[in-house]
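Student: Shown below is the structure under consideration.
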Amino acid sequence: MKKTGKVGNYLKALLPFVVMLLIQTAVAVRSVVSYMLSYGIEKGDQMYQENLGSTLLMSQLVTLLVMAVWYYLAVIHKRKKEGLPDESLFGWKSAGGLFLLAVGTYLFSAALLILWEIIAPGLSGEYEIMMQEAEMDSMTFLSFATAVVGAPLVEELIFRGLTLQYLKRTGAAFWTVNVIQAFLFALGHLNLIQGSYAFLMGLLSGWLVMKYRSLWSGILLHMILNFTGILLPQLADMALNRMTGEPGLALQLGAAAIAILLGAAAYWFGFSAMKKDLAAKETADPVCL
């Protein structure tokens, strides 16, 4: 591969990320201006903060439209034009192992959140407020639409779809490609705490998409993970509400350790199921591992 082509594809890999940020900014500015023109500056800002979930949904719809067209032209249409067959190895029989990997990732993420609360309580508090303002702390129609449906479709199209495909065209090794797209995915959350567990999820989703040669494997993982990420904390809060006082350091560390152990078990069973599934399907040289 020519050096100019390699550099060009690295730059192309950054474009979806940049376009996503521009769309988010444009939609946010439009919402702020609209509220301020309707209610005045102070009240308008308050209305914007109270309706962050609606603004997020609007941003996702615009981004989804742009990225879907882009992905079709840059990936699907290109493959059809070159006469390349559909190489997808993903099927619904793969869902069992994928579900275990999603649960394991949630448990590792939960342990990370506990550790963040211990290490940086102020930052953790800001994160919780942000999630509440975006209506991601409870299962509602809006949180389901944005977190369980919108985010997986949009973010997988961007990072495991366009970005990953452009990076593959550079000829770089799999884990170089995977780490770069996962880092951009984490960076796109614009939050250190979210970014820490998003990086882990990005690595796993990239591995799945590369191994199964299907974007749907990443989308389904993302959907399951976000669904459990909203539902399970609600159940945990119901249990903790029966306790008196704040949980102590020992309880927090114990909970983090249990989450890590359970997450490791889920990963072990999940990867075992995935490898058996792939071994039965793969006919070409493995992409990774």
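The values are calculated or read from the model by the stated rules, or taken from the named source; none is laboratory data. The shown structure was predicted, so the numbers you read here are calculated from the model rather than taken from an experiment. FYI the Cβ positions are ideal-geometry reconstructions off the backbone, even for glycines, and counts take in every protein chain you see.
Student: Does segment 31-49 include one or more residues that are in contact (Cβ under 8 Å) with a residue 40 or more places away in the chain and over 29 Å from the mean Cα position of the chain (by Cα)?
Tutor: No, there is no match, as no residue in segment 31-49 is in contact (Cβ under 8 Å) with a residue 40 or more places away in the chain and over 29 Å from the mean Cα position of the chain (by Cα).
Student: Being under 19 Å from the mean Cα position of the chain (by Cα), more than 16 Å from ILE224 (Cα to Cα) and crowded, with 16+ Cβ neighbours inside 10 Å, is that true of even one residue in segment 138-157?
Tutor: Yes: one or more hits.
Student: Only one of ASN178, ASN226, ASN241 is surrounded by 16 or more Cβ atoms within 10 Å (Cβ to Cβ) and modelled with pLDDT under 95. Can you tell me which?
Tutor: Step by step, each of ASN178, ASN226, ASN241 is checked, and only ASN226 is surrounded by 16 or more Cβ atoms within 10 Å (Cβ to Cβ) and modelled with pLDDT under 95.
Student: I need the full set of residues from segment 33-69 which are under 30 Å from ARG213 (Cβ atoms) and in contact with a helix residue (DSSP H, G or I) (Cβ under 6 Å, 6 or more places away or on another chain), in order please.
Tutor: If the condition is that a residue be under 30 Å from ARG213 (Cβ atoms) and in contact with a helix residue (DSSP H, G or I) (Cβ under 6 Å, 6 or more places away or on another chain), then SER59, GLN60, VAL62, THR63, LEU64, MET67 are the ones that fit.
Student: On to the next question. Could you tell me which numbered condition GLY83 fails, if it satisfies all but one of (1) more than 20 Å from SER217 (Cβ to Cβ); (2) at pLDDT 85 or above?
Tutor: Checking GLY83 against (1) more than 20 Å from SER217 (Cβ to Cβ); (2) at pLDDT 85 or above, the one that fails is (2).
Student: Taking the conditions exactly as written (out of contact with any helix residue (DSSP H, G or I) (no Cβ under 9 Å at 6 or more places or on another chain) and part of a helix (DSSP H, G or I)), does GLY5 satisfy them or not?
Tutor: yes
Student: Another one. Just wondering, is there one or more residues in segment 201-221 that are assigned to a loop (DSSP other than H, G, I, E, B) and on the phi > 0 side of the Ramachandran plot?
Tutor: yes
Student: What pairs can you find where one residue is in segment 152-178 and more than 19 Å from LEU22 (Cα to Cα) and touching a residue at least 12 places away in the same chain (Cβ under 8 Å), the other is part of a loop (DSSP other than H, G, I, E, B) and not β-branched (Val, Ile, Thr), and their Cβ atoms are less than 6 Å apart, with a gap of 6+ or different chains?
Tutor: GLY171/MET1; PHE174/CYS288
Student: Same structure again: Anything in segment 151-178 that is over 17 Å from TRP70 (Cβ atoms) and in contact with a Leu (Cβ under 7 Å, 6 or more places away or on another chain)? List them, or say none.
Tutor: Across segment 151-178, the qualifying residues are VAL177, ASN178.
Student: Then there is this: When residues of segment 63-91 are filtered for being in contact with a Leu (Cβ under 9 Å, 6 or more places away or on another chain), in a helix (DSSP H, G or I) and surrounded by fewer than 22 Cβ atoms within 10 Å (Cβ to Cβ), how many remain?
Tutor: Count: 7.
Student: Right, here's the next one. So if I check each of SER94, SER109, which one is within 24 Å of GLY195 (Cβ to Cβ) and either surrounded by 14 or more Cβ atoms within 10 Å (Cβ to Cβ) or at pLDDT 95 or above (or both)?
Tutor: Just one listed residue meets the conditions, SER109.
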